[in-house]
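Input: a single structure, listed below in structure tokens.
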């Protein structure tokens, strides 16, 4: 086992789902996104934990992600959130994935592929209410729903949208989200007035769950919230699921005036002791954290110094360290600095941090219920 490893606390993940359930009540279903290898946490293990905790369905971004879940024996409904290529549609149908559709051409392609296989295909109609990405204008929703309803081998199983700024409490953003939801309701009602069942209606992401009760509809799709990072204060209270650990592989003295690592960017201000950690940017520890982020050893924070290398980094322990070789080091975790703290330093979001932990870092699953 490598010294560097990601600990995935499945009990915390289940507790986060339970927190969402307590927030939204018993009626809306919970769709758990497990795309991007469950945000770096491990898609198969997280999917099983999600279903065990009562999730109604799962969501992926690519056909291969859905196929991985099916190969692991997971039979739950799986939404395909990104558009597949037309040549991928036979695999979509074979794997029983549920694609989002939003234009006539793709609806025709999907219907043709389903007819060729002789298997009906469930689809969800995506309405663009202001995200500016996938989706049809709300005023076209009823016509496209009718297109789907006319196809013998297609079934309209749901209608969806996606919220652009639901995680923001800025008044203009709150107003924008309300406008998105109003446009979505208009599209859904137009489908109903056309005599077509819109199926499962869903639009709430993590921000929607936390801040916008009127976005819950029939199902919610919280992503990063379930992995332990909330868009703001309030319920549900969640706990980070991933913990990135390593160990001190070497301790060595460095004299005042000596430099450390590539580019000689750090010079020892005094005689000190350096710890070498076997983790680097190839593992997902961004090179941009060089010199401006701490690690935690024995509950105390120590600064990263010098440039982070591909496979190693260095920490200044001070002139009289208590740290010993092979001691455990926390790079981020729920009890110390978190992925959100790391993201703040890098000017990004926690999603990018957890998704960026490389596959060569082994995932260790702990499930103390």
Some residue of region 215-222 being surrounded by fewer than 21 Cβ atoms within 10 Å (Cβ to Cβ), closer than 27 Å to residue 5 by Cβ, touching a residue at least 12 places away in the same chain (Cβ under 8 Å) and in contact with a strand residue (DSSP E or B) (Cβ under 6 Å, 6 or more places away or on another chain):
no
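Considering only region 257-275, I want to know if a residue exists there that is in contact with a helix residue (DSSP H, G or I) (Cβ under 8 Å, 6 or more places away or on another chain) and either under 30 Å from residue 11 (Cβ atoms) or at pLDDT 95 or above (or both). Outline the logic, then answer.
Step one: filter region 257-275 for residues in contact with a helix residue (DSSP H, G or I) (Cβ under 8 Å, 6 or more places away or on another chain), giving none.
Looking for residues that are in contact with a helix residue (DSSP H, G or I) (Cβ under 8 Å, 6 or more places away or on another chain) and either under 30 Å from residue 11 (Cβ atoms) or at pLDDT 95 or above (or both), one finds none in region 257-275, hence no.
Please specify each residue of region 142-196 satisfying the condition of being in a strand (DSSP E or B) and closer than 19 Å to residue 221 by Cα.
The first filter runs over region 142-196 and keeps only residues in a strand (DSSP E or B), leaving 154-160.
Hits for region 142-196 are 156, 157, 158, 159, 160.
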The lone exception for residue 236 - which of (1) surrounded by 20 or more Cβ atoms within 10 Å (Cβ to Cβ); (2) in contact with a strand residue (DSSP E or B) (Cβ under 7 Å, 6 or more places away or on another chain) it fails
(2)
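Out of 125, 181, report the one residue that is surrounded by fewer than 23 Cβ atoms within 10 Å (Cβ to Cβ), modelled with pLDDT of 95 or more and in the same structural domain as residue 32 (by TED's automatic domain parsing). So that I can check it myself, show each step before the final result.
Working: 125 fails: surrounded by fewer than 23 Cβ atoms within 10 Å (Cβ to Cβ).
Sole residue among the options that is surrounded by fewer than 23 Cβ atoms within 10 Å (Cβ to Cβ), modelled with pLDDT of 95 or more and in the same structural domain as residue 32 (by TED's automatic domain parsing): 181.
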Residue 353 being assigned to a loop (DSSP other than H, G, I, E, B), within 18 Å of the chain's Cα centre (by Cα), crowded, with 20+ Cβ neighbours inside 10 Å and not assigned by TED's automatic domain parsing to the domain that holds residue 39
no
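The values are calculated or read from the model by the stated rules, or taken from the named source; none is laboratory data. Model, not experiment: these values are computed from the prediction. As a convention, Cβ positions derive from the backbone with ideal geometry for all residues, glycine included, and neighbour counts pool all protein chains shown.
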